[in-house]
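Below: one structure, written as structure tokens.
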Amino acid sequence: MDVKKAVIPVAGLGTRFLPVTKSMPKEMLPIIDTPVIHYVVQEAIESGIDDIIFVTGRNKRAIEDYFDGCPELEMHLQNRGKYDMLEMVQEISSMVDIHYIRQKEPNGLGDAIMTARKHVSGDPFAVLLGDDIIVNEKPCTRQLIDVFRKYGRSTIAVEEVPQDKVSSYGIISGSPVDDHLYALDDIVEKPSVEEAPSNIGAIGRYVFTPEIFDCIEQTSKGVGGEIQLTDGIRLLNDSQKVYAHQFTGQRYDSGNKVEYVKAVLDFALKDEGMRDEILGHLEKLG
């Protein structure tokens, strides 16, 4: 089976970026001139996904507007002969089939994914979190799909995290299967450094078999009083082996202010039109 559907939860409140996220979705924060969520959707498309469902919440209308058509703007650009910009705007609104469903209240990532159950309709599917931008020639989600096609089991993306960040991740223990691949033994949501089974943490990319829904449904509220996806993965691993893939690529956690600034800076330095001026500015700063 191939993976053609993706769920992208974007219902979070974005409290780490207040006050701007009081009126603007954190997923719409710009990396220069392109919002974070654009890169997430682009990764899904480049991984072979052709059907995306956004799980949204209040104050997320800007995401829907971004991926929708905008006749007034398109007419304005056409009338002024700005055809390159017109093509860019039209391309955004035709990137992929997109659907929206509302998570009624923030109740955890597991709960957000459960709202997409009817749409997924028994198929394997990917989950991409809207906070993470992952840059690599072979998209991270495609890497997970390739593992899924080989083993036929749910696969999560992982990476080594600093000790002082362990308590912010779902941390795994696993048995090596191949280069960069583990068979999951356990996963613990946001453990203390002392309780963590390793320093290998799950990040915001997953490919699941549809049985994950039954497992989430059986879990009770966990860390933070929310329905945790990690607890569902743990239960799924009891009935069918789950794999953890140490992905290749540069990850930016755009929900973290320092990581967000790093992303903006790195993307600017890759732009030939901006690179020299940015480097000159950085040299002046010493």
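The values are calculated or read from the model by the stated rules, or taken from the named source; none is laboratory data. Please read all numbers here as calculations on a predicted model, not as lab measurements. Don't worry about glycine lacking a Cβ; one is built from the backbone with ideal geometry, like all the others, and counts go over all protein chains shown. Side chains included, ligands, DNA and RNA excluded: accessible areas come from the protein's heavy atoms. Shrake-Rupley method; radii C 1.70, N 1.55, O 1.52, S 1.80 Å.
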Nearest-ten-degree value, helix 229-239 long axis tilted from longest Cα axis of the chain: 40
Whole-percent pair-distance distribution, where bins are 10 Å wide, for the alpha carbons of segment 175-236: 19, 50, 29, 3
Förster-model FRET efficiency, 30 Å R0, Leu285 and Ser175, C-beta, rounded to 0.05: 0.05
Cα pair distances in segment 1-43, grouped into 5 Å bins until the bin that holds the longest one, percent each: 5, 20, 25, 21, 14, 8, 5, 2, 1
Gyration tensor (Cα) of segment 205-278, equivalent ellipsoid semi-axes in angstrom: 38, 16, 8
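What range in the chain is the longest one free of trypsin sites (Lys or Arg not before Pro) that are in a loop by DSSP and have at most 13 other Cβ atoms within 10 angstrom?
With trypsin sites (Lys or Arg not before Pro) excluded where exposed in loops, the chain gives 105-286 as its longest stretch.
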Long pairs among Lys82/Lys284; Lys26/Lys104; Lys118/Lys270; Lys104/Lys262; Lys190/Lys262; Lys5/Lys104, criterion Cα-Cα beyond 30 Å: Lys82/Lys284; Lys118/Lys270; Lys104/Lys262
For segment 6-87: rounded, prolate or oblate by the Cα gyration tensor [a/c cutoff 1.5]: oblate
Average projection area in nm² (convex hull over Cα atoms of segment 22-133, one quarter of hull surface): 8.1
Qualifying aspartates and glutamates (Cα of each under 19 Å from Cα of Lys4; at least 8 residues distant if same chain): Glu43, Glu46, Asp50, Asp51, Asp97, Asp123, Asp146, Glu211
Rounded D (µm²/s) - segment 133-286, Kirkwood Rh over Cα pairs, Stokes-Einstein at 25 °C, 0.890 mPa s: 144
Accessible area in the full protein assembly, largest first, 1.4 Å probe, for Val188, Val177, Val258, Val127: Val258, Val177, Val188, Val127
